[in-house]
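The values are calculated or read from the model by the stated rules, or taken from the named source; none is laboratory data. Note that the structure is predicted; figures quoted are calculated from it, not measured. Cβ: placed from backbone, ideal geometry, glycine included. Neighbour counts: every protein chain shown.
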Amino acid sequence: YNKEYTLTGAESIPDQEVASLLGKHLQRPVMYVDQPPRELRRQLFASGDAPWHVQDLVSLEKLKKYQDVARHDDRENENQNNRQPSQDRALIVPTKDIWNICDRQPQTFEEYLNEKDLMTTLELGAGPEW
């Protein structure tokens, strides 16, 4: 009661790998294209996304960019101090909250994509072409 949880998958994966796994799942090419926040916002609004959804997606992309900069700065500082660079100092890391709440390991993204019986029509790839 009165607890805050950070629900994550089993791993943190780069956008390019997400695109590759989605392409495999949808059986068609999927490419990740990094967009500046202003352009991303414009395209999302043009596609009819709700304002709250646009804001959430743009904020997520900004956070990912900040995370990439923080990782790069950490590695530079560690190299200058003759220390081993940290493997992956992410600002958002996978948590054990799913395990603690559900008493099971969280799924990987690929495992999620294989759960077709739980997917919406759009997730199955039968939605509109973008």
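If the requirement is being of a type in the set (S, T, N, Q) and either in contact with a helix residue (DSSP H, G or I) (Cβ under 8 Å, 6 or more places away or on another chain) or at pLDDT 90 or above (or both), which of these qualifies: Ser20, Ser12?
On the way: Ser12 fails: either in contact with a helix residue (DSSP H, G or I) (Cβ under 8 Å, 6 or more places away or on another chain) or at pLDDT 90 or above (or both).
None of the others qualify; the one that does is Ser20.
For the stretch 13-30, the set of residues classified as farther than 22 Å from Glu61 by Cα and not in a loop (DSSP other than H, G, I, E, B) consists of Lys24, His25, Leu26, listed by residue number. Restricting the first member to the stretch 47-64 and to residues that are within 13 Å of Pro37 (Cβ to Cβ), and the second to residues that are among the basic types (Lys, Arg) and surrounded by 12 or more Cβ atoms within 10 Å (Cβ to Cβ), the beta-carbon pairs closer than 8 Å and six or more apart or on different chains are Val54/Arg41; Val58/Arg41. Asn114 fulfils the conditions (1) over 22 Å from Ala10 (Cα atoms); (2) at pLDDT 70 or above except for a single criterion, (1).
Among the residues of the stretch 22-51, those identified as loosely packed, with under 14 Cβ neighbours inside 10 Å, over 18 Å from the mean Cα position of the chain (by Cα) and not polar (S, T, N, Q) are Arg28, Pro29, Arg38, Glu39, Arg42, Phe45, Ala46, Gly48, Ala50, Pro51. Filtering the stretch 1-10 to residues that are in contact (Cβ under 8 Å) with a residue 12 or more places away in the chain and either surrounded by fewer than 14 Cβ atoms within 10 Å (Cβ to Cβ) or in a helix (DSSP H, G or I) (or both) leaves Tyr5, Thr6, Leu7. Do the conditions hold for Leu124, that is, is it touching a Phe, Trp or Tyr at 6+ places or on another chain (Cβ under 8 Å), modelled with pLDDT under 85 and surrounded by 10 or more Cβ atoms within 10 Å (Cβ to Cβ)? Here the answer is no, as Leu124 does not meet what is asked.
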